[in-house]
Amino acid sequence: MSTKEPTQKAKFLLKALELSLTTDVKDDYYLQPKLQKCLSLDDLAAEVAALSARQEDAEDIARTGRDLMKRMMWFLSAGYSVSTPLGYFRPTAQGVFMESELNEAIDRSRLTLGVKYSMSDEMRQALADAEIDVEVQKATAGPQLYAVVSAHDADHPDAVTRGEGVPVSAGQVCVIKGRNIKVGGDGADIGVTITRVDGSEGTTYFFPVKKLYPNTSARVGFVMPSDAPDGSVWSVKLCTQLGNSGNLLKVSRTVTMDENFVIGETGTSIPGEDDDDSGQGTFG
């Protein structure tokens, strides 16, 4: 298929956040990508159709792309590795068993299968060619959402640093880490809302104050719905009427976390996060 290349360079927007962990330096920042919309295969197919020199139908392109991805998944699940312009994919397995256990059907609950991805030279070049824009974000007085992590990782951030984090999982407690995020108030919209952003499902769950634990200025937890599939991508929005000092504001504050979180993946260490809340509680 002959396609035209985009006439503009990709623009990679980074956000610069104050590095609050360094007490002796007052003007240092760390950089994170500022995520844009989560694109589906249909979105990408529409882009390919628009750039094509031929009159090709976006639905046909999406159908072919979906079929290709399904075959790719089948081959990866059969032990093949796959190389694409995006990068190299290979199946992985983790689990420890005694020799005596290997003479019978193994316990699948103790085996973790996955796929590892490595960037291709083409992907590295695409990033190298992108124009960089930096948006400086000063610390604000209102709620700030840093990351969504498992309850284990909320209590053991050092494990994440060592690469031993526990992924966010369906049916388990996950924790929003942030600053000034304690949820409270009287309105019907006071609480936490998560929305699935991959694909076209748009599934939404709302958690009122009574379903949030812990609920402190640094951590807000909720139970991830049991039907959330591994690999699904979610946005999180928090609405509270509490001010920084715990007073009830006249108007509620609503903030959406810049980063999405993925079921089945561990969170990342946030250099600027401040987890000094004395009433945060633990999960044992």
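The values are calculated or read from the model by the stated rules, or taken from the named source; none is laboratory data. Note that the coordinates shown come from a computational prediction; the quantities given were computed from them, not determined experimentally. Positions of Cβ are backbone-derived with ideal geometry, glycine not excepted, and every protein chain shown enters the neighbour counts.
Numbers for the structure displayed
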| read-out | value |
| --- | --- |
| Set Val262, Val236: member being modelled with pLDDT of 90 or more and closer than 16 Å to Phe207 by Cβ | Val236 |
| Residue that is farthest from Met123 (Cα to Cα), among those in the range 70-90 that are among the hydrophobic types (A, V, I, L, M, F, W, C) and not in a helix (DSSP H, G or I) | Ala78 |
| Matching entry among Gln94, Gln36 (being of a type outside the set (A, V, I, L, M, F, W, C), under 20 Å from Asp198 (Cα atoms), free of Cβ contacts under 8 Å to residues at least 24 places away in the same chain and touching a Leu at 6+ places or on another chain (Cβ under 8 Å)) | Gln36 |
| Residue pairs meeting the criteria (Cβ under 8 Å; at least 6 apart or on separate chains; first within 20 Å of Gly178 (Cβ to Cβ) and without any contact (Cβ under 8 Å) to a residue 40 or more places away in the chain, in the range 193-215; second in a loop (DSSP other than H, G, I, E, B) and β-branched (Val, Ile, Thr)) | Pro208/Ile190; Val209/Val183; Val209/Ile190; Leu212/Val183; Asn215/Val183 |
| Only listed residue being surrounded by 11 or more Cβ atoms within 10 Å (Cβ to Cβ), without any contact (Cβ under 8 Å) to a residue 24 or more places away in the chain, out of contact with any Ser or Thr (no Cβ under 6 Å at 6 or more places or on another chain) and assigned by TED's automatic domain parsing to the domain that holds Arg253, chosen from Ala188, Ala154, Ala159, Ala147 | Ala159 |
| Subset of the range 52-83 that is surrounded by 14 or more Cβ atoms within 10 Å (Cβ to Cβ) and touching a residue at least 12 places away in the same chain (Cβ under 8 Å) - its residue that is nearest to Gly114 (Cα to Cα) | Leu76 |
